[in-house]
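Worksheet: one structure, shown below.
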Amino acid sequence: MPKKDELSQRRNRNLVDRLEGLMKAGLKPEYEGYYGQLILSGDKLAELGELDDIRRAAREAGRRLGWKPTTRLVGDRLFVIDERDVPEEIYERASNNAADRMEEFLRPRPRPVDDND
């Protein structure tokens, strides 16, 4: 029986390490570790194992990164979200970045010329 426990502990550590790596990869340096999130789709979830194990490992991985992690299953997607309060300076930076992206998206662009006209 101890071998099975040792094997499950090793699998859990590997899963936590893998999820932590995915979480780190999604962080934007300008937000200094805040606004962390990870979204795992149905295919990725099936590849990683049992949902309860993945949720537990994701919360542990988030805590390693200093997050206040929560998990939510929506349809076939698992969302892992950092729910810490964001410092004002970082909040303003993120808000300005989002506003800049929206402004760029909404800016009128010249239409391509159609040779058939």
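General observations
- Among the residues examined, Asp43 does not qualify as surrounded by fewer than 16 Cβ atoms within 10 Å (Cβ to Cβ) and closer than 14 Å to Leu15 by Cα.
- Residues that are part of a loop (DSSP other than H, G, I, E, B) and more than 12 Å from the chain's Cα centre (by Cα) within the stretch 15-64 comprise Glu32, Gly49, Glu50, listed in sequence order.
- Condition check for Glu104: exposed (fewer than 10 other Cβ atoms within 10 Å of the Cβ), more than 20 Å from Asn14 (Cα to Cα) and out of contact with any Leu (no Cβ under 8 Å at 6 or more places or on another chain): yes
- Residue in the stretch 81-95 that is charged (D, E, K, R), under 19 Å from Ala25 (Cα atoms), in a helix (DSSP H, G or I) and touching a residue at least 12 places away in the same chain (Cβ under 8 Å) present: no
- Qualifying residue in the stretch 28-36 (condition: touching a Leu at 6+ places or on another chain (Cβ under 9 Å) and on the phi < 0 side of the Ramachandran plot): yes
- Glu30 meets each of the listed conditions (1) closer than 26 Å to Gln9 by Cα; (2) touching a residue at least 12 places away in the same chain (Cβ under 8 Å) apart from (1).
Bear in mind these aren't lab numbers, they're just calculated from the coordinates by the rules spelled out. Predicted model only: the values in this text are computed from it and were never measured. Methodologically, a virtual Cβ is constructed for each residue, glycine included, from the backbone with ideal geometry; neighbour enumeration extends over all protein chains shown.
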